[in-house]
Amino acid sequence: MKIFKNIVILTGAGISAESGLSTFRSENGLWNNHRVEDVATIEAFKRNPAYVHDFYNDLKKEILQAKPNAAHLAITQFQKEYPAEIAVITQNVDLLHEKAGNSNVYHIHGQIDQAVCLNCGQTVGASGDIDTETVCPNCGVIGMMKPNIVFFGENLLCMDKVDELLRRCDLFLSVGTSGVVFPAAAFVQTAKYHGAATYEFNMEPTSNNFYFDHHIMGPAGTTLPAFVEEMIRSLKSGD
Ligand code: OAD
């Protein structure tokens, strides 16, 4: 197998499914029980911040208890044993990549253990509840803290770095994402346009199917460790 030098792994909710966290669009998924318009748009937050805070405070409790699974751990092994720069671009607001020991993780949709002040713009740690009375530890203003989750209608985070990574990667892996939310859904096109080999790991074909050179079907907790083992084995054996 070719030896790759710059690898990007894009992850979505499916990589955390085997850790017990719901995906968004599955039956009984997060969006099944809540309307996106009520909990995941900046308009919803401005209209009814208390409702949105309750949703993310509950989600935070669930997420903070979750443990990484074999797919997250396989990325750690990959980063340790394969001699490439390997970056993780995640749409997930959970912290399972970090808990598994992954490095170079970019949270483009934010992370659940942070809040951002809409008055001063400061991002702060927030592992406990936040609500409409929370005081910004930076500017002292009350009631302007928002979960550091990128809502529909807001810009993604770390995009300059992400763009650079996509342009220079020679291997692009997409793991557990339905590929319906842009711009992340278009990352594969950018990587492919710049010459990367592209692999999709999912339980089923996605609407983004067309852009991937290879499809590896099945649970990521099984397929990703097998892929990583094979990459490391082929490196050692020179196949
Ligand atoms: P989705 O719920 O849209 O898609 C999850 C994908 O994971 C589906 O394609 C499943 O088939 C797949 N899947 C489920 N279990 C899996 C497993 N064990 N192994 C491999 N694949 C599995 O979640 P995302 O694509 O992450 O944004 O959704 C993208 C964004 O939509 C989210 O980041 C969220 C939401 O709006 C924000 O919260 C800002």
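The values are calculated or read from the model by the stated rules, or taken from the named source; none is laboratory data. Please read all numbers here as calculations on a predicted model, not as lab measurements. Please note: Cβ atoms are built from the backbone with ideal geometry, for glycine as well, and neighbour counts cover all protein chains shown. To get the accessible areas, we keep the full protein, side chains included, count just its heavy atoms, and leave off ligands, DNA and RNA. Shrake-Rupley method; radii C 1.70, N 1.55, O 1.52, S 1.80 Å.
With open to solvent by less than 60 Å² (accessible area, probe 1.4 Å), closer than 28 Å to ASP160 by Cβ and assigned to a helix (DSSP H, G or I) as the only criterion, which of ILE89, ILE63 stands out?
On inspection, the qualifying residue turns out to be ILE63.
What are the residues in segment 97-121 that are surrounded by 23 or more Cβ atoms within 10 Å (Cβ to Cβ) and in contact with a Ser or Thr (Cβ under 8 Å, 6 or more places away or on another chain), if any?
HIS97, ASN102, HIS107, ALA115
Which of the residues that make up segment 64-83 are more than 16 Å from the ligand (Cβ to nearest atom), more than 29 Å from GLU154 (Cβ to Cβ) and in contact (Cβ under 8 Å) with a residue 24 or more places away in the chain? Steps first, please.
Taking segment 64-83 and keeping what is more than 16 Å from the ligand (Cβ to nearest atom), we get 64-65, 76-83.
The next check asks that each one be more than 29 Å from GLU154 (Cβ to Cβ); those that pass are 76-83.
Of everything in segment 64-83, those that are more than 16 Å from the ligand (Cβ to nearest atom), more than 29 Å from GLU154 (Cβ to Cβ) and in contact (Cβ under 8 Å) with a residue 24 or more places away in the chain turn out to be THR76, GLN77, PHE78, GLN79, GLU81, TYR82, PRO83.
Let's see how each residue does on (1) touching a residue at least 24 places away in the same chain (Cβ under 8 Å); (2) within 13 Å of the ligand (Cβ to nearest atom):
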site: ILE7; (1), (2): yes, no
site: ILE15; (1), (2): yes, yes
site: SER19; (1), (2): yes, yes
site: SER22; (1), (2): no, yes
site: PHE55; (1), (2): no, yes
site: GLU62; (1), (2): yes, no
site: LEU96; (1), (2): yes, yes
site: LYS99; (1), (2): yes, no
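Could you name every one of the helices (runs of 4 or more DSSP H) located completely within segment 158-237 that has at least 2 residues being open to solvent by 70 Å² or more (accessible area, probe 1.4 Å) and under 23 Å from TYR82 (Cα atoms)?
Because the criterion is at least 2 residues that are open to solvent by 70 Å² or more (accessible area, probe 1.4 Å) and under 23 Å from TYR82 (Cα atoms), the helices (runs of 4 or more DSSP H) in segment 158-237 that meet it are 159-168, 220-237.
How about segment 40-52: which of its residues are within 15 Å of the ligand (Cβ to nearest atom) and either crowded, with 19+ Cβ neighbours inside 10 Å or modelled with pLDDT of 95 or more (or both)?
Across segment 40-52, the qualifying residues are ALA40, ALA44, PHE45, VAL52.
Restricting to segment 129-142, what's the tally of residues that are in contact (Cβ under 8 Å) with a residue 24 or more places away in the chain and within 23 Å of LEU95 (Cβ to Cβ)?
Total satisfying the criteria: 3.
Condition check ((1) more than 14 Å from the ligand (Cβ to nearest atom); (2) more than 19 Å from ILE75 (Cα to Cα); (3) of a type in the set (D, E, K, R)) across all residues:
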| position | (1), (2), (3) |
| --- | --- |
| GLY179 | no, yes, no |
| ALA185 | no, yes, no |
| GLN189 | yes, yes, no |
| GLY195 | yes, yes, no |
| ASP213 | yes, yes, yes |
| LEU224 | no, no, no |
| GLU229 | yes, no, yes |
